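Written below as structure tokens is the structure these notes are about.
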Amino acid sequence: MKEELTIKFNKSMKAYPTVYKLLGILFLVICLLIPLEMISSVLFERLSSRNQAIEDITSSWGKEQNIIGPILVVPYRACHKVWKEEITNGKLEKREVAESFTANALFLPSILNILGSINPNKLHRGIYEAVVYSGMIKISGQFEKPNFEIFKVEEKNILWDDAFITLGVTDLRGTKGSIHIKWGEDRFMFVTGSKIDDLNSGIQAKIKGLNAVNQEIPFEIDLKLNGSKQINFAPIGIQNNVKIVSPWTDPSFKGNFLPTERKIAQTGFEAEWQISYYGRNYPQQWVDKSSELYFKNLNSSLFGVAFVSLIDSYRNIERSTKYGMLFITLIFTAFFLFEVLSPIRIHPFQYTLIGTALCFFYLALLSLSELLSFFISYITASFSVIILISFYSFKILQTGFRTLIISSELVAIYTFLYIILQMQDYSLLFGTIGLFITLSAVMYFTRNIDWYKLDQEKV
């Protein structure tokens, strides 16, 4: 039985050699997924090392900074009714009693002006670098005198002497020097702790004389801080005017609001935001019991600028490996057609070496891009692979013309891939068009091949 199956299989291979050759090549292409997957694993390992190095740098310098505030907090006395169990005349009875407690009313400024001067820099740890910045942030504006009528709180229950200003800062390790607030004609110093449960990290300054104020209260805060990656602000004013200037030439504007005006040049950028409070989902004042919801909405309204490139080399390499299988198939197709249409024969081992060389491109690109710019790394890696395969193909294909075709195809493939990697919004469209043209070319040049007759001639 085994001998009969062997004889039938041998006859089938002799009857359809082209089909079995094609199946063998497809199997080899699938096997080459293994080294591609191993390269992807190395990529993510290196990416993890890069991220850990950046985390180590930013943890000591200052992390991404979110500036929320200033917020005026005025405590007040309130009461609520609760049921308590008491023993009266030997019986357990429930009585409704009033209990007093202290709550906070929070008020946002009517006008918020922010002027920031951000100076980014690059710090290195080994071969990795992190974008950090030093900033001088001037926060100014004014508060209206708190109106407790909306909360139905009587004047006698307002604790004016316990009022304070709180300012949210994500990473206080990035602050430099003492921080003060100019409150009207007075000046008060901030201390650590926001004193607001829903504002995890921040500073607060106790203020005086708020009950004697009958008009708007202007304020000014000068904040020097370090940070990394990006800086964000919250549009807590009725009118919000924010201006950021920086020598960074590749800003990425983030968050719910884009700048109304921006100027980007080789010397840096200027960006201005003018935001109305109608574009957010929280009011100008609230009390403790509503804080969790309103602070959640407040955090979702942040906007700012990031000081990192939109796509780094690791992201480019990750995208390029996704095209590895396709490019291996295209190169193998060219060799297969040369084998079918000419008397030359290419051994599966030779296909394997060519496929391995194509996989080597991604490993070379990854290792070089950690030391050089992505463009130079890409040119070096692709040129090395093209030269290697071209010299090897000259012996296999036996003529310079066929070798030239393979070399031209490799140049076209790597050029095509580089263009796709530089695109973002149109990469899918451009890639689809390129693959359609390639498929059309293969169909055109193989349209006159009689595959059944070809198998008979090779028997």
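The values are calculated or read from the model by the stated rules, or taken from the named source; none is laboratory data. Small disclaimer: the values here were computed from a predicted structure and weren't measured. Using ideal geometry, Cβ is built from the backbone for each residue, glycine included, and neighbour counts are taken over all protein chains shown.
A few remarks follow.
- When 63, 94 are screened for being under 22 Å from residue 170 (Cα atoms), at pLDDT below 90, charged (D, E, K, R) and not in a helix (DSSP H, G or I), only 63 passes.
- Of the residues in region 257-274, none is in the same structural domain as residue 402 (by TED's automatic domain parsing), among the β-branched types (Val, Ile, Thr) and under 26 Å from residue 121 (Cα atoms).
- Taking the criterion of being out of contact with any Phe, Trp or Tyr (no Cβ under 7 Å at 6 or more places or on another chain) and among the charged types (D, E, K, R), the residues of region 255-310 that qualify are 261, 270, 272, 280, 288, 289, 292, 296.
- Verdict on residue 252 being loosely packed, with under 15 Cβ neighbours inside 10 Å and under 30 Å from residue 165 (Cβ atoms): no
- In the condition set (1) assigned to a loop (DSSP other than H, G, I, E, B); (2) within 29 Å of residue 107 (Cβ to Cβ); (3) among the charged types (D, E, K, R), residue 296 is compliant with all but (1).
- Region 242-254, subset in a strand (DSSP E or B) and among the hydroxyl-bearing types (Ser, Thr, Tyr), residue nearest to residue 307 (Cα to Cα): 252
- Residue within region 69-81 that is among the hydroxyl-bearing types (Ser, Thr, Tyr), buried (at least 16 other Cβ atoms within 10 Å of the Cβ) and either at pLDDT below 75 or assigned to a helix (DSSP H, G or I) (or both) present: no
- Of the residues making up region 255-275, those that are surrounded by 16 or more Cβ atoms within 10 Å (Cβ to Cβ), out of contact with any Pro (no Cβ under 6 Å at 6 or more places or on another chain) and touching a residue at least 40 places away in the same chain (Cβ under 8 Å) are 255, 257.
- Region 368-379, residues that are surrounded by 15 or more Cβ atoms within 10 Å (Cβ to Cβ) and β-branched (Val, Ile, Thr): 379
- Pairs where the first residue, in region 210-239, is surrounded by fewer than 17 Cβ atoms within 10 Å (Cβ to Cβ) and the second is part of a strand (DSSP E or B), C-beta under 6 Å, 6+ apart: 216/142; 218/142; 220/140; 220/182; 222/138; 224/136; 239/111
- Criterion (surrounded by 14 or more Cβ atoms within 10 Å (Cβ to Cβ), under 30 Å from residue 123 (Cβ atoms), touching a residue at least 40 places away in the same chain (Cβ under 8 Å) and among the β-branched types (Val, Ile, Thr)) met by exactly one of 321, 333: 321
- Of all residues in region 219-241, one or more are charged (D, E, K, R), over 27 Å from residue 57 (Cβ atoms), assigned to a strand (DSSP E or B) and assigned by TED's automatic domain parsing to the domain that holds residue 71.
- Among strands (runs of 3 or more DSSP E) entirely within region 141-190, having at least 1 residues that are closer than 25 Å to residue 296 by Cβ and not polar (S, T, N, Q) singles out 164-169.
- Selection count, region 199-209, where residues are outside any strand (DSSP E or B) and buried (at least 17 other Cβ atoms within 10 Å of the Cβ): 2
- Counting only residues that are within 23 Å of residue 227 (Cα to Cα) and either modelled with pLDDT of 85 or more or in contact with a Cys (Cβ under 8 Å, 6 or more places away or on another chain) (or both), region 267-299 holds 7 of them.
- Filter result for the condition that a residue is modelled with pLDDT of 85 or more and in the same structural domain as residue 101 (by TED's automatic domain parsing), over 207, 196, 158: 207
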